[in-house]
2 protein chains.
Amino acid sequence: MDFKMKKFRDINLKLTPQRLAIFEYLDDNKSHPSAEDIYLEIRKKYPTISFATVYKTLEALKKQGLLLELTIDPERRRYDPGTEHHHHLICIDCKKIVDIHADFRVDVPEDAKGSFEMLGNHIEFYGLCPECKKKG
Amino acid sequence: MDFKMKKFRDINLKLTPQRLAIFEYLDDNKSHPSAEDIYLEIRKKYPTISFATVYKTLEALKKQGLLLELTIDPERRRYDPGTEHHHHLICIDCKKIVDIHADFRVDVPEDAKGSFEMLGNHIEFYGLCPECKKKG
DNA sequence: TATTTAAGGATAATCATTATGGATTTTAAA
DNA sequence: TTTAAAATCCATAATGATTATCCTTAAATA
Ligand SMILES: [Mn+2]
Ligand SMILES: [Mn+2]
Ligand SMILES: [Zn+2]
Ligand SMILES: [Zn+2]
C-alpha cells in the first residue's frame, strides 16, 4: 500500500480518503474482487462513495501497473492486486478464483505460432472448490 | 453442420433458415466471432434477423455442447465452434484470436491445488500478430 | 390441411462500465 | 493565511452488450 501511495504522489495523483480505503482493501487481497465487491466494502466506511470513484481508482491503479484486470469471469471484470506473473484456478460453481503460483513450460511450437510475437501467457484452470464439491 | 441439424432435431428444436444460416456461418469458422460479427454476416442474407435470434441460437448451440463461449476479450463474448480441447493466442492490438492446437503439460502441484477438483484448463497466450507487429 | 408448439422479431429491460459536469477538496503559490 | 489552479468527488446520464417479454409467424407432425 505504501508503494501505491508513493506511485500516486509521483505522478500528481492526489491521495484522498476514498482512494486510501480502496488501496487498503486491495492490499494483500487474494479474493479477486469485482468493482461491486470493492464498492460495497468501501461504502461501509464512506457511505457516499460512488461507483464512478471506484472505477476511476481502479483505472488509475491499472495504468500504474499496480493492479491487473482479469477476464476470467464472463459476468464481470475481476481485479487482482497480485501483479507478479501467476495463474488462476476458478470454481465453475461459485466462481471463486484462487492463485496458482507455479511455473509451467508452455512454449508454443514454432509452426503453431507462425510469426506472432509472443509476449505472455495465462493459464485458467477450471474445477470445483472443496466447498462446492461437498454440496454436490 | 449436419450433426448440428441432427442434434437439434433430436430435441425438438426447429430448423429455421436463420438457424441454418448461423450453423453454416459457424461451420469451420476459425475467426472466433462475436454475436455482432455473426449478426452482421447473417443480415446479408436475412436482413430482418434480430439480435435476439442470434443470441438465442448461440445459447441453444452452447447447451448442446456444439459451441464454446470464450471469455478472453474483455469487451465482448466470442464464440468458438471448435469444441475440441485447445488453446488460444490473442493479439493485444487487433484482438484477433488464433487457435493453438498443442498439448501442454500443466499439472498443478498437489500443494497448490489443495482439495480442488481439477476439471480442465485453458491457456491464453498474448502477443502481436504479424500485421500489427508491422504497423508498430 | 389442421393442430401444436417452438422460433422470429420488435422492442423494452437489465447490468456493467464509461462519460459528463458542477461542487468540493487538495495542493502549491502568493 | 489567502488565492488560484488542478484534481477529485459524486450524482447522474449515456453507452453497449446481453437478456427478457410478448405477440406474430412458421416448422413439425399426424
Ligand atoms: Mn491472482
Ligand atoms: Mn478456438
Ligand atoms: Zn466453489
Ligand atoms: Zn493484431
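Compared with the dominant Cα axis of chain A, that is its longest principal axis, helix A:51-63 is turned about 60°.
Here r is the Cβ-Cβ distance between residue A:85 and residue B:92 and R0 is 22 Å; the resulting FRET efficiency, rounded to 0.05, is 0.90.
For a straight C-alpha distance cut-off of 15 angstrom, the aspartates and glutamates reachable from residue A:113 (same-chain residues fewer than eight places away being disregarded) are B:99, B:103, B:124, B:131. Here the label points at residue A:52 and residue B:5, each 7 Å from Cα along the C-beta direction, are separated by 5.5 nm in the simple model. Taking a quarter of the surface of the Cα convex hull of the stretch A:12-80 gives a mean projected area of 4.6 nm².
With label points defined 7 Å past Cα in the direction of Cβ, position residue B:114 shows copy-to-copy spacings of 4.1 nm, given to one decimal and shortest first. Distance between the C-alpha centres of the stretch A:55-85 and the stretch B:54-114: 21 Å, rounded to the whole angstrom. Maximal additional length on extending the residue A:62-residue A:41 stretch stands at 5.6 nm, based on 0.36 nm per residue less the C-alpha distance.
This ranking places B:73, A:28 by how few other beta-carbon atoms lie within 10 Å of each, fewest first, which gives A:28, B:73.
For the peptide B:102-110, the mean number of other protein chain Cβ atoms found within 10 angstrom of a residue's Cβ is 4. Once the Cα atoms are used to define both axes, helix A:35-45 deviates from the longest principal axis of chain A by about 30 degrees. For chain B, the normalised intensity computed at q = 0.18 Å⁻¹ comes to -1.07 (log10 of I(q)/I(0), Debye sum over alpha carbons, equal scatterers, no solvent).
Each other copy places its own label point for residue B:69 at 2.0 nm from this one, sorted shortest first, where the point lies 7 Å along the Cα-to-beta carbon line.
Take each residue of peptide A:119-131, count the partner chain Cβ atoms within 10 Å of its Cβ, and average: the result is 6.
Within the same chain, aspartates and glutamates fewer than 8 places from residue A:135 are excluded, and of the rest, those with a Cα less than 18 Å from its Cα are A:93, B:117. Which of B:14/B:96; A:62/A:95; A:133/B:56; B:30/B:134; B:7/B:62; B:95/B:134 have a Cα-Cα distance over 21 Å? Long pairs (Cα-Cα over 21 Å): B:14/B:96; A:62/A:95; A:133/B:56; B:30/B:134. Note that the stretch A:87-135, at 4 °C in a medium of 1.567 mPa s, gets a Stokes-Einstein diffusion coefficient of 100 µm²/s from its Kirkwood radius over C-alpha pairs. Across the stretch B:87-135, C-alpha contacts under 8 Å between residues 6 or more apart give a mean separation that, scaled by the residue count, equals a relative contact order of 54 percent.
Relative contact order of chain B, please, whole-number percent, based on alpha carbon pairs below 8 angstrom and at least 6 residues apart.
Relative contact order, chain B: 20 percent.
Which values of log₁₀ I(q)/I(0), to two decimal places, follow from the Debye formula for the protein assembly as shown at q = 0.08 Å⁻¹ with a uniform point scatterer at every Cα? Scattering profile of the protein assembly as shown, log10 relative to I(0): -0.43.
Any read-out appearing in this document is the output of simple, stated calculations on the displayed coordinates, not a laboratory observation. No experiment lies behind these values; they were computed from the predicted model shown. Positions of Cβ are generated from backbone atoms using ideal geometry, with glycine treated the same way; all protein chains shown enter the neighbour counts.
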